[in-house]
1. Among residues belonging to segment B:1-20 that are modelled with pLDDT of 95 or more and touching a helix residue (DSSP H, G or I) at 6+ places or on another chain (Cβ under 7 Å), point out the one that is farthest from residue B:48 (Cα to Cα).
2. Kindly check whether there is at least one residue in segment B:46-55 that is buried (at least 17 other Cβ atoms within 10 Å of the Cβ), within 11 Å of the chain's Cα centre (by Cα) and facing chain A (nearest Cβ under 7 Å).
3. Can you name every residue in segment B:71-96 that is within 18 Å of residue B:44 (Cβ to Cβ), touching a strand residue (DSSP E or B) at 6+ places or on another chain (Cβ under 8 Å) and either at pLDDT below 95 or assigned to a strand (DSSP E or B) (or both)?
4. Can you find a residue that is more than 9 Å from chain B (Cβ to nearest Cβ), at positive phi and at pLDDT 95 or above anywhere in segment A:61-68?
5. Among the residues of segment A:21-40, are any out of contact with any helix residue (DSSP H, G or I) (no Cβ under 8 Å at 6 or more places or on another chain), assigned to a strand (DSSP E or B), surrounded by 17 or more Cβ atoms within 10 Å (Cβ to Cβ) and within 14 Å of chain B (Cβ to nearest Cβ)?
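The values are calculated or read from the model by the stated rules, or taken from the named source; none is laboratory data. Here the structure is a predicted model, which means the values were calculated and not measured. All Cβ positions, glycine included, derive from the backbone under ideal geometry; neighbour counts span all protein chains shown.
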């Protein structure tokens, strides 16, 4: 996740997930990896990027072809278990924002 | 920047900036702080969030009331100097995505 995603020309959708983790792993690392693999296999998945500071603050952005693809991923059975644990165990707080990417510009040295 | 932004009800805009830093500071830290302070003073600025991994990969998301506010910030004279240095010195590569936030959900323990 710690590399730039290669996405197609807009329009497409971005789910911006900003969060503050609780202390300790509590199974987060394994589940997070599993969720990334599961997301990659979803129809309409375009890419994911993530970064976290040592203080527990992090940002994950996933890219999707359509709102329907986002809805299907949100309803995925295994993902719903992870979402429950997010609230119960892993995060102090978080914000999820669903946005439509209208334009993009890439720079490479 | 390493805390959750408090944004109003959607719709509003998010500029998703994902990047890989070059090695060394080269004046980046001071300029980055100045840019955050300058952005906060712009009309239509709603908030900013950022996280960077130790390998140099980072995500910054800034939130804006309108596309016009984003355009004005992009054209700001001091910001344009920083943008030039981004390409010349600070970043191996980056992607800027302009998106319209359609819905948002916040969780707090």
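1. Ranking the candidates gives B:13 first.
2. Scanning segment B:46-55 turns up at least one residue that is buried (at least 17 other Cβ atoms within 10 Å of the Cβ), within 11 Å of the chain's Cα centre (by Cα) and facing chain A (nearest Cβ under 7 Å).
3. B:96, the sole residue that qualifies.
4. no
5. no
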